[in-house]
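Take a look at the structure below.
The values are calculated or read from the model by the stated rules, or taken from the named source; none is laboratory data. None of the values given here were measured: they were computed from a predicted structure. We place every Cβ from the backbone using ideal geometry, glycine too, and count neighbours over all the protein chains shown. Surface accessibility is based on the protein's heavy atoms, side chains included, excluding ligands, DNA and RNA. Shrake-Rupley method; radii C 1.70, N 1.55, O 1.52, S 1.80 Å.
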Amino acid sequence: MKNISVNIGLINPKSPENVGSVMRAAGNFRIDSVVYTGERYLRALNLKTGSVDMGRKVSQQIPLSSVSCLMESMPKGMKRVCVEFVEHAISLPEYRHPDNVIYIFGPEDGSISQELIDNADDVIYVPTIGCMNLAATVNVVLYDRLAKGPQDFASNALICQSRDINNNLTISH
């Protein structure tokens, strides 16, 4: 069986809510780690001491760590895929996801640097009209990866294990 590692890189995120939602997505889609650059996230987290934890239980086992440089923080052999509206980028529906990857997402209020774009293995974009929220973009990219992957989705065991404890719905016909 192949050794697969899927990671998320966030460039200078500013919103604890967005990072929490990214962590929830990372847990739901079984991502190996989330790394981020910059100081804005920690500064905002310290200012919002009463903010709601958006990460939820599913994300508690996913490492979240600060790095000074995304490109230097990942092991060799890891494909670097930037997700950004960039001319000549690959549309997400056309993209074939690599096994060992770090998906790099820009800040909520900016773009990925030209240097990172130039050094990426691939640059992809979600074909929407306008930009999506950071966490929404992460969810769409990870769902696309899941939908195009080899796993079997027909599993009542997965549904029972994953749904909220208040959900006991079944289909009777």
Check your understanding: Mind ordering 115-122, 126-133, 102-109 by average Cβ neighbours within 10 Å, highest first?
Key -> 102-109, 115-122, 126-133
Check your understanding: Once both labels are modelled 7 Å past Cα along the beta-carbon direction, what's the GLN151-SER91 spacing in nm?
Key -> 2.7 nm
Check your understanding: In region 22-143, with Lys and Arg counted as +1 and Asp and Glu as -1 at Cβ, which of these residues, PHE85, MET23, ALA135, has the Cα nearest the positive end of the dipole, that is, farthest along it?
Key -> MET23
Review point. Which value in Å is the Kirkwood Rh of region 109-152 over different Cα pairs?
Key: 12.4 Å
Point to revise | Size descriptor, Kirkwood hydrodynamic radius, that averages inverse alpha-carbon separations across region 28-148, Å | key: 15.6 Å
Review point. If the chain between ASP118 and LEU45 were fully stretched, how many nm would it gain, using 0.36 nm times the residue separation less the Cα-Cα distance?
Key: 23.1 nm
Check your understanding: Ignoring ligands, DNA and RNA, what accessible area per residue does region 71-133 give at 1.4 Å, in Å²?
Key -> 59 Å²
Check your understanding: Share of region 85-158's accessible area from carbon and sulfur, percent, 1.4 Å?
Key -> 52 percent
Point to revise | Local net charge near ASP122, Cβ-Cβ under 15 Å (Lys/Arg +1, Asp/Glu -1) | key: -2
